[in-house]
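The values are calculated or read from the model by the stated rules, or taken from the named source; none is laboratory data. Small disclaimer: the values here were computed from a predicted structure and weren't measured. Reconstructed Cβ throughout: ideal geometry from the backbone, glycine too, with neighbour counts over all protein chains shown. Protein only, heavy atoms only, side chains kept; ligands, DNA and RNA dropped before computing areas. Shrake-Rupley method; radii C 1.70, N 1.55, O 1.52, S 1.80 Å.
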Amino acid sequence: MTDHSPGALADLWRARRPSGPPVTHTFRSTYADRWVRFHSLPGSKRYPESEGEYAVVLHRYNTVLDELFAHGEVYVVTSDWSCTPDGPAAFPTPRRELHPNGVHWWTESDEDDPDPALHTHTRFYADRRPWRNGCVDALLRAVADEALVEVFVTDTELRRIHAPYDGGADVVLATPGERDRLRGRHVDWLSSTPSGL
């Protein structure tokens with residue numbers, strides 16, 4: 001894709017990922033045959049409480065990110081949401097400060113409730129950059145603290161997706177075999193439950 005405009009990214013998503021919108025909490029079910037979850041702390045601890053634990057979290061995130069995206073370019077995607085498509089974010093987050101070059105490229109609206117006051121509009125913002133270890137550490141720390149949600153990193157062809165959350169990362173690979181190989185390299189970071197959660 002040589003067109004780097006927001007519209008081109010949305011078109012590429014629709015072409016490469018027709019099964020659903022870029023909503024990270026749906027990836028596990030939408031791409032179940034290519035999905036794996038890694039926990040970010042030993043013992044499946046959810047939130048880091050010391051700089052040592054933040055170092056472990058960032059190491060695990062960056063190890064997988066390097067395996068997915070080393071020597072390539074990526075889209076970094078963040079989000080916010082509002083009660084109206086163009087309104088202010090419903091609650092303050094550090095998204096703008098941590099992702100200043102993010103350009104709005106997608107809005108996913110949920111208007112199923114008959115009460116318009118309960119409608120939500122999640123807006124997604126992306127920038128394109130060369131991948132290098134540590135280039136999204138500030139975003140990853142905010143995700144680990146649950147200050148940001150619905151964040152992901154993907155290659156420019158949308159073949160692989162790394163979606164960190166507070167407690168770990170959901171990763172979508174290009175094929176089931178690739179998923180199995182990645183999972184096999186990091187078995188100590190997997191859940192002990194059969195569901196993989």
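Details
- Within the accessible area of the chain (1.4 Å probe), percent carbon and sulfur: 52
- Taken per residue, the accessible surface of the range 1-118 reaches 56 Å², heavy atoms only and a 1.4 Å probe.
- Cut-off under 5 Å, modelled amide H: who pairs with Thr156 long-range: Glu73, Tyr75
- Per-residue ³J(HN,Hα) for the range 32-47, Karplus 6.51 cos²θ - 1.76 cosθ + 1.60, θ = phi - 60°, Hz, x for Gly and Pro: 4, 6, 10, 9, 8, 10, 10, 7, 8, 9, x, x, 6, 4, 7, 10
- Per-residue HN-Hα couplings for the range 155-171 [Karplus 6.51, -1.76, 1.60; θ = phi - 60°; Hz; x = Gly/Pro]: 5, 6, 9, 6, 7, 10, 10, 10, 10, x, 9, 6, x, x, 8, 8, 10
- Whether the chain is rounded, prolate or oblate, judged on the alpha carbon gyration tensor where a/c under 1.5 counts as rounded: rounded
- Comparing Cα centroids, the range 1-75 and the range 124-158 end up 8 angstrom apart.
- What you get for the chain, charging only the Cβ of Lys and Arg (+1) and of Asp and Glu (-1), is a dipole of about 740 debye around the Cα centre.
- Computed [θ] at 222 nm, helices only, for the chain once each DSSP H run of length n ≥ 4 contributes -39500 (n - 2.57): -8000 deg cm²/dmol
- With the gyration tensor restricted to C-alpha atoms of the range 1-51, the semi-axes of the equivalent ellipsoid amount to 31, 16, 9 Å, longest first.
- Helix runs (DSSP H) in the chain reaching 24 Å along axis by Cα, Kyte-Doolittle at least -1.0: 51-69
- Cut-off 9 Å between beta-carbons: net charge of the residues surrounding Trp131, Lys and Arg +1, Asp and Glu -1: -1
- Amide proton proximity set for Trp106, modelled H, under 5 Å, gap of 5+: Phe124
- Packing-based ranking of 16-22, 102-108, 150-156 yields 150-156, 102-108, 16-22, ordered from highest to lowest mean Cβ neighbour count within 10 Å.
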